[in-house]
1. Regarding Val125, is this residue touching a strand residue (DSSP E or B) at 6+ places or on another chain (Cβ under 7 Å), of a type outside the set (Ser, Thr, Tyr) and within 14 Å of Ile50 (Cβ to Cβ)?
2. Checking Ser114 against (1) part of a helix (DSSP H, G or I); (2) more than 17 Å from Cys218 (Cβ to Cβ): exactly one of these is not met. Which one?
3. So in the stretch 149-185, with the set limited to residues that are assigned to a helix (DSSP H, G or I) and touching a Lys or Arg at 6+ places or on another chain (Cβ under 9 Å), which one is surrounded by the fewest Cβ atoms within 10 Å (Cβ to Cβ)?
4. Are there any pairs with C-beta distances below 6 angstrom linking a residue in the stretch 194-210 that is in a strand (DSSP E or B) to a residue that is among the hydroxyl-bearing types (Ser, Thr, Tyr), with the two at least 6 apart or on different chains, and if so which?
5. Are there any pairs with C-beta distances below 6 angstrom linking a residue in the stretch 90-101 that is in contact (Cβ under 8 Å) with a residue 12 or more places away in the chain to a residue that is aliphatic (A, V, I, L, M), with the two at least 6 apart or on different chains, and if so which?
6. Please go through the stretch 29-79 and give me each residue that is surrounded by 19 or more Cβ atoms within 10 Å (Cβ to Cβ), charged (D, E, K, R) and assigned to a loop (DSSP other than H, G, I, E, B), ordered by number.
7. Looking at the stretch 1-28, which of its residues are surrounded by 24 or more Cβ atoms within 10 Å (Cβ to Cβ) and among the aromatic types (Phe, Trp, Tyr)?
8. Of the residues Gly115, Gly105, Gly137, Gly131, only one is at pLDDT below 95, over 23 Å from Ala32 (Cα atoms) and not β-branched (Val, Ile, Thr); which?
Amino acid sequence: MSGFIQLTDTHIVAEGQLAYGRSETAGPLRQAIATLNDQLPAITEVECVIVTGDLTDHGSEQEYKRFRYIMDVLALPYLVLPGNHDHRERLRATFADCAWMPHHGPIQWRRDFSGFCVIGLDTLVEGEHYGMIDADGLAFLDNNLAELGKTPVIVATHHPWLHSGIQAMDDNNLRNGQQLMERLEAYPGPARMISGHVHRALTTQIGNVLCQVSPSTCHAVHLDQRADSANSLVMEPGAMTLYQFRKSQQTIVSNQMAISQFEGPWPFEQEDARVIATPA
């Protein structure tokens, strides 16, 4: 069994600042990394972490330096993709020493695991909140899908194509998602799409492709599906998603992991446990 953990929408700001004037984002990311490092002995064969965009809130050099400083405590290698809050060239410069970072063009990569593969695609349109995969990205996807044959594949993006019912988020999703989905539906092996952007846990099936969105590590987007609702944040607990390939079933299983400090674990059955009868 092999796998990875998805973090997304970390929205790191400069020291002493709050995202949107309300959300302290560095603390939750530190807690996420502490949780991961503590849990690794209990999780089977997790090879890396993938961060699917909006690493920073404003795309500044200072924010990227802070993001990397926090992330480098992680006991696993990690890869990143840009989101609409990111700045492609500043992000590239921050990770220029990493083998997976392209020297120019879209920030896209392929990571092979035992039994499956992840293709990371760049959906950033500078200055816009919506996303697009450009011609280079689609060609990169086509070439890799052709090489993979029937190997199970996950395509990772920042922007999803599914509709959450939250109008402001759905207006700014992946504009050419149909082109991506046509390729994944035509792929002869199992295909899945994972994303961020919505700051909520979402799952849907589009054709034969399972599409998932992981929650943010920090604040959530308020679940308000009224047509006239304002796009708002709410301080729900953050989370991350574990993906593992089960060879015996040739499938990828996901688990949501809470980002918080909590009591336990305690065995359900203990040697000195006593059954206490409850009055009828």
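1. no
2. Going through the list (1) part of a helix (DSSP H, G or I); (2) more than 17 Å from Cys218 (Cβ to Cβ), Ser114 breaks only (1).
3. Applying the filter and picking the extreme gives Gln167.
4. Between residues of the stretch 194-210 that are in a strand (DSSP E or B) and residues that are among the hydroxyl-bearing types (Ser, Thr, Tyr), the close pairs are Ser195/Thr157; Leu202/Ser164.
5. Every condition considered, the pairs that remain are Phe95/Met101; Trp100/Leu79.
6. Within the stretch 29-79, Asp54, Asp57 qualify.
7. Result: Phe4, single match.
8. Gly115
The values are calculated or read from the model by the stated rules, or taken from the named source; none is laboratory data. Bear in mind that the values here come from a model prediction, so they are computed numbers and not experimental data. Virtual Cβ from ideal backbone geometry, glycine too; neighbours counted across all protein chains shown.
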